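Some notes on the structure that comes next.
The values are calculated or read from the model by the stated rules, or taken from the named source; none is laboratory data. Predicted, not measured: the structure shown is a model, and the values here were computed from it. Virtual Cβ from ideal backbone geometry, glycine too; neighbours counted across all protein chains shown. The protein model used for the area step is the full one, side chains on, heavy atoms only, and it has no ligands, DNA or RNA in it. Shrake-Rupley method; radii C 1.70, N 1.55, O 1.52, S 1.80 Å.
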Amino acid sequence: MRLEHVNLVVRDIERSLAFYKAACPHWSIRSKGQSEWSGKPRTWIHFGDDYNYIAICDNGESDGRDLAGHQVGLAHIAFETYNIKEVIFRLEQAGFSIAKPGAENLYRKNVYFLDPDGIEVEFVEYSSDLPSERNNED
């Protein structure tokens, strides 16, 4: 089993795409359409590659979960990268700032950004293929 996709509800798809395109420039819109959700029209897209994607739907209302709070809900999504410096550069060039640095770890580097709707997105680069080292909390 593998995770196929994550479905995000946002206020504005184009604004969200600016973030996700900067983070994942090799991804593209796989499909898109119009639908209705609980009596409200919405536009949706699937943004990704042949194997992974993010479903993004518009017409989101209200603010998301308080990331400093303890509400039930999504805390963050994470992407593994082979070059975290390049991801940081692309996102900063697109006008996004680091929300918080990751913890210091011998076997991985990570960083957190907020997308335009305040969804926390982590990017992680591992320097080891060994699970015991990758998952090490030191």
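Values as computed for the structure displayed
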read-out: Residues satisfying the stated conditions in the stretch 45-71, i.e. closer than 10 Å to residue 10 by Cα and in contact with a strand residue (DSSP E or B) (Cβ under 8 Å, 6 or more places away or on another chain); value: 56, 57, 58, 59, 60
read-out: Test set (1) open to solvent by less than 40 Å² (accessible area, probe 1.4 Å); (2) touching a helix residue (DSSP H, G or I) at 6+ places or on another chain (Cβ under 6 Å) - residue 54 fails condition number; value: (2)
read-out: Residues (surrounded by 14 or more Cβ atoms within 10 Å (Cβ to Cβ) and either in a strand (DSSP E or B) or under 13 Å from the mean Cα position of the chain (by Cα) (or both)) located in the stretch 6-21; value: 6, 8, 9, 10, 16, 17, 18, 19, 20, 21
read-out: Answer from 77, 84 - the residue that is open to solvent by less than 60 Å² (accessible area, probe 1.4 Å) and over 12 Å from the mean Cα position of the chain (by Cα); value: 84
read-out: Identity of the residue in the stretch 22-44, in contact with a strand residue (DSSP E or B) (Cβ under 8 Å, 6 or more places away or on another chain) and either touching a residue at least 60 places away in the same chain (Cβ under 8 Å) or within 23 Å of residue 94 (Cα to Cα) (or both), that ends up most open to solvent (accessible area, probe 1.4 Å); value: 30
